[in-house]
Protein chains: 2
Amino acid sequence: MSPHLERLKAAGYKLTKARSTILHVIEAAGGHVTSAEVLEKVAALNPSIGRASVFRTLDLLTRLVIIRPTYPGGSTTPGYVLMPGGHHHHIICMVCNRIIEFDDCGLEGMAAALEERLHVRLEGHLLEFYGRCDRCRELPLPGSEA
Amino acid sequence: MSPHLERLKAAGYKLTKARSTILHVIEAAGGHVTSAEVLEKVAALNPSIGRASVFRTLDLLTRLVIIRPTYPGGSTTPGYVLMPGGHHHHIICMVCNRIIEFDDCGLEGMAAALEERLHVRLEGHLLEFYGRCDRCRELPLPGSEA
DNA sequence: AGCGAAAATGAGACACTGTATCATTATAAG
DNA sequence: CTTATAATGATACAGTGTCTCATTTTCGCT
């Protein structure tokens, strides 16, 4: 069983067909999906799962910091990223919308310092850099020509 | 004139009534707004500005890394944060959805290292921590009781 | 195993956010 | 002032995400 499903159970939620299917779809996609992709692939795997459950589950996974919504491009449909261990880091190319993931380090120290200074309890973080990837770095920003 | 408007002009975009009104609304709100709030406040200031222009401008400001969409709560309407200097850092309380901003440091070094290692050009970043604020740290996550 | 309380589901109607089109207007350069 | 061109506003539209509620499923307990 996926460790994410175990976290669901540990948090007191029931393990259902819908939830395991949805989580499987996200994991099979490599951790980067849009809600539209999840809807489509879940329907392909099991047409009896309703839309409402998909959105409810995305909400639930977000609250548990198992996934987190992010915006590849402008104000369109959000994407979701898996946050293994509660954190994730990537670069979004603002020209071609490609996502480049990278491993990170130093933020655990920053998190601990913030917890102490601000008296908060932190469970995860998402770090996004915006820029232009190696293939697009010489091109103008999209919209500059518009 | 707001430095953000100057950046628009420097990037080759025209300075229009709609754009300056929308940017003014975001700045007056302290840098944290939802699209619904922008629509409402812009309509109050100048009813002749159409919805389409508001969304178009939010897209444009996002591409220029002047603002950046983020999700305070679950998968509902996105919020937008002003990114002064192209970067922003905050903590989102997952119980009460309060946003706690904090100043940051070390990431410029990480950005420079990534630019060299991955041959990318970075223009901004957003760092979000998820957790529970000082007022909510003893409470369960929302939905745990559901 | 089987029972039962309670959570979770699926169906479908609904509200709303965001998009596309296109004629009209405003910007800014010369 | 003139003119090319970007940007606008209105409207209709598409799609995402929400809500309700009867029905089903999970899972602790015996």
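Where a number appears in this text, it was derived from the coordinates with a stated rule and is not lab data. Keep in mind that this is a model prediction, so the values were computed, not measured. Positions of Cβ are backbone-derived with ideal geometry, glycine not excepted, and every protein chain shown enters the neighbour counts.
Going 7 Å from Cα along the Cα-Cβ axis for the label, what nanometre distances separate A:LYS14 from the same residue across the other copies?
5.9
Give or take rounding to whole Å, what are the principal axis extents of the alpha carbon atoms in the protein assembly as shown, in descending order?
So the extents along the principal axes, rounded to whole Å, are 55, 43, 41.
I need the trypsin sites (Lys or Arg not before Pro) found in segment B:1-73, filtered to DSSP loop residues with at most 15 other beta carbons within 10 Å of theirs.
The qualifying sites are B:LYS14.
Relative contact order, percent, of segment B:1-82 when contacts are C-alpha pairs under 8 Å separated by at least 6 residues?
For segment B:1-82, the relative contact order is 29 percent.
At a 10 Å Cβ-Cβ cut-off, how would you order A:TYR13, B:TYR71, fewest neighbours first?
In order of increasing Cβ crowding within 10 Å: A:TYR13, B:TYR71.
Counting pairs of alpha carbon atoms under 8 Å apart in space and at least six apart in sequence, what relative contact order in percent does chain B give?
Computed over chain B, the figure is 18 percent.
Can you tell me how chain B classifies by the Cα gyration tensor, rounded, prolate or oblate, using a/c under 1.5 as the rounded cut?
Here chain B falls in the oblate category.
Counting each DSSP H run of 4 or more residues in chain A as -39500 (n - 2.57), what helix-only mean residue ellipticity at 222 nm follows after dividing by all residues, to the nearest 500 deg cm²/dmol?
Details: 5 runs with 56 residues, N = 146.
Counting only the DSSP helices, I get -11500 deg cm²/dmol.
Can you work out ³J(HN,Hα) from phi for every residue in segment A:124-136, in order, using Karplus 6.51 cos²θ - 1.76 cosθ + 1.60 and θ = phi - 60°, giving whole Hz and x for Gly and Pro?
Along segment A:124-136, the couplings run x, 8, 10, 10, 10, 9, 10, x, 10, 6, 4, 7, 10 Hz.
Take the Cβ-Cβ distance between B:LEU45 and A:MET1 as r, set R0 to 51 Å, and report the resulting FRET efficiency rounded to the nearest 0.05. Present the calculation step by step, with values, prior to reporting the outcome.
On the way: r = 54 Å, r/R0 = 1.06.
Working from the Cβ atoms, E equals 0.40.
Can you sort B:ILE66, B:ILE100, A:ILE49, B:ILE22 from fewest to most other Cβ atoms within 10 Å of each residue's own Cβ?
B:ILE100, A:ILE49, B:ILE66, B:ILE22
Among the GluC sites (Glu not before Pro) within segment B:77-141, which fall in a DSSP loop and have no more than 13 other Cβ atoms within 10 Å of their own Cβ? Provide the component values of the computation, followed by the final result.
Values: sites: B:GLU101, B:GLU108, B:GLU115, B:GLU116, B:GLU123, B:GLU128, B:GLU138; in loops: B:GLU138.
Listed in order of number, the matching sites are B:GLU138.
Over 12 Å, how big is the tail of the calculated P(r) for segment A:86-146, in percent of all Cα pairs?
71 percent
In chain B, which residue puts its Cβ closest to the axis that turns chain B onto chain A, and how many whole Å away is it?
Whole-Å result, nearest residue of chain B to the axis: B:LEU127, 2.
Out of all DSSP beta bridges with both ends in chain B, state the antiparallel percent to the nearest 5.
Antiparallel bridges make up about 60 percent of those DSSP assigns within chain B.
Express in whole angstrom the spacing between the alpha-carbon centres of segment A:1-48 and segment A:61-116.
Centre-to-centre (Cα) distance: 19 Å.
Ordered shortest first, which distances in nm separate the 7 Å Cα→C-beta label point of B:SER53 from those of the other copies?
Between copies, matching label points for B:SER53 lie 4.7 nm apart.
Quick one: order B:CYS136, A:CYS93 by neighbouring beta-carbon count within 10 Å, fewest to most.
B:CYS136, A:CYS93
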